[in-house]
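> Have a look at this one.
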Amino acid sequence: MKVGDTHYRSIWFDGETGRVKIIDQRWLPHEFRVVEIDTLDEFAMAIRDMWVRGAPLIGATAAYGVAVEMQRDASDAVLDAAWEQLHETRPTAINLRWALDEMRQMLAPLPESERAAAAFRKAEEICDADVETNRLIGVHGLELIRQVAATKKPGEPVNILTHCNAGWLATVDWGTATSPMYHAVEAGIPIHVWVDETRPRNQGAQLTSWEMNRHGIPHHLIVDNAGGHLMQHGEVDMVIVGTDRTTALGDVCNKIGTYLKALAAHDNQIPFYVALPSSTIDWTVNDGVREIPIEERDGREVTHVFGQLEDGSVTSVQISPDGTPGGNPAFDVTPARLVTGLITERGVAKASGEGLLGLFPERRNAA
Ligand code: MRU
């Protein structure tokens, strides 16, 4: 998407320098900082410490991490070790394993002399495919927004609530949950977005709000607990969120707090949609609550709030008593029964095994 006059992706290979560049998201919304990452250790750190984040972008970054490592040493042992090191950075988003498997399956049969070049080509393919996939998610999601818009008075915006950042910063471009929003704006459909702040990492406050601001989409930042109240008062027409892992039966794992939004939406008969590329479906898992590993992050993210001072330095402030430990599960699972539909690159599926297999019939035999 555009920042100033330049069209950016969230990660790209710079042909001039021969190096991979990312937007270092830790500095947003205060500073738009582009950095180069060069070594496998740096790629692993960028994912683990959330310089980049969001399921599709984590996968794309890992793919480039493998490519960079193949340039150094393209042996089987190094390929396997790179897979392991990148895989253990974050446990929940399945796109990470998906991208690493894609890379290894393609590289393993090749002679070592061809692996580095092939790996860079494949990483670029993964990025290009992600952009097209998310564009298609937007095309399909747009129709859902259009249907809601048709029920409103002329000029009245469709109020969409979203959680975390499933925007272009979380993917290579377009975003998943935000792609239908960007497409709606392009189609001239008025929308207004309720952006959950998404404690404790504040992806909504820092990243989704930044995106909405940049692209001129009317929005309000709200505290995580406001959604239910707004739904009760008719202020939310639909919810669209992303996902880090969707099970074969349609359960959806996403940023902590998503489940509570789905419960509130269900109680208020508000459609709750999840936007996802098919690389986010884990066909090996049926029961999301019991089978998906949930990342447990540092309790300090809860006991402290982080922000930037006027001089640009980042600081943290403790908001709880000394000695109170923070509990910090980073994701939760929304059962399929609470999900109105899954917006994928192939269309909108019912959140169920049959719904998903209807759109991805090739998985019927694979299962
Ligand atoms: O911890 P994060 O910021 O990586 O979590 C991101 C999310 O939960 C997103 O909603 C999800 O990855 C979907 S991104 C298109």
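> Highest first, please rank the peptides 308-320, 21-33, 54-66, 286-298 by the mean number of other Cβ atoms sitting within 10 Å of their residues.
54-66, 21-33, 286-298, 308-320
> For the peptides 243-255, 267-279, 2-14, what is the packing order when you average, over each peptide's residues, the other Cβ atoms within 10 Å and list the highest mean first?
Ranking the peptides 243-255, 267-279, 2-14 by packing returns 243-255, 267-279, 2-14.
> Follow-up. Looking at the chain, send over the antiparallel percent of its DSSP beta bridges, to the nearest 5.
Restricted to the chain, the bridges split so that about 55 percent are antiparallel.
> Please name whichever of N286, G59, H229 sits farthest to the positive end of the charge dipole of the chain, dipole taken about the Cα centre and charges placed at Cβ: Lys and Arg +1, Asp and Glu -1.
Towards the positive end, the residue furthest out is H229.
> So if I take the centroid of the Cα atoms in the range 144-220 and the same for the range 83-123, what is the distance between those two points in Å?
32 Å
> Something else now. State whether the range 1-147 is rounded, prolate or oblate according to the following rule on the C-alpha gyration tensor (a ≥ b ≥ c being the square roots of its eigenvalues): a/c under 1.5 gives rounded; otherwise a/b larger than b/c gives prolate, and the remaining case gives oblate.
prolate
> Given charges of +1 on the Cβ of Lys and Arg and -1 on the Cβ of Asp and Glu, with all other atoms neutral, how large is the dipole of the chain about its Cα centre, in debye to the nearest 20? Can you show the working numbers first?
Numbers: 33 positive and 52 negative charges, 210 e Å.
With only Lys, Arg, Asp and Glu charged at Cβ, the dipole is about 1020 debye.
> Which of T17, G307, I189 sits closest to the plus end of the dipole of the chain, meaning its Cα is farthest towards the positive end, when Lys and Arg get +1 and Asp and Glu get -1 on the C-beta?
I189
> Compute the helix-to-body angle for 112-149: its Cα long axis versus the longest principal axis of the chain, expressed 0 to 90° and rounded to tens.
10 degrees
> Gap in Å between the Cα centre of the range 1-55 and the Cα centre of the range 293-367?
21 Å
> Moving on to the next point. Treating the angle as unsigned and between 0 and 90°, give the value, to the nearest 10°, between the Cα long axis of helix 55-72 and the longest Cα principal axis of the chain.
Long axis of 55-72 versus the principal axis of the chain: about 10 degrees.
> With respect to the cross-link table entries K122/K350; K122/K255; K152/K261, which display a Cα-Cα separation exceeding 25 Å?
Beyond 25 Å: K122/K350; K122/K255.
> Next up: Could you size up the charge dipole of the range 2-129 around its Cα centre, putting +1 on the beta carbon of Lys and Arg and -1 on that of Asp and Glu, and report it in debye to the nearest 20?
So the dipole magnitude of the range 2-129 works out to roughly 440 debye.
> State, as an integer percentage, the relative contact order of the chain based on alpha-carbon contacts under 8 Å between residues 6 or more apart. Mind dumping the intermediate values first?
Working: 746 pairs, mean separation 55.9, N = 367.
Once divided by the residue count of the chain, the mean separation gives 15 percent.
> Further, regarding this structure: How large is the charge dipole for the range 172-214, taken about the Cα centre, if only the Cβ atoms of Lys, Arg (+1) and Asp, Glu (-1) carry charge, to the nearest 20 debye?
Rounded to the nearest 20 debye, it is 140 debye.
> Once the Cα gyration tensor of the range 19-60 is found, what semi-axes does its equivalent ellipsoid get, as square roots of 5 times the eigenvalues, in whole Å, sorted largest first?
16, 12, 9
Here, each number is a calculation from the coordinates, and none is a lab measurement. From a predicted model like this one, the values you see are computed outputs, not experimental measurements. Here Cβ is always computed from backbone atoms with ideal geometry, including for glycine, and neighbour counts include all displayed protein chains.
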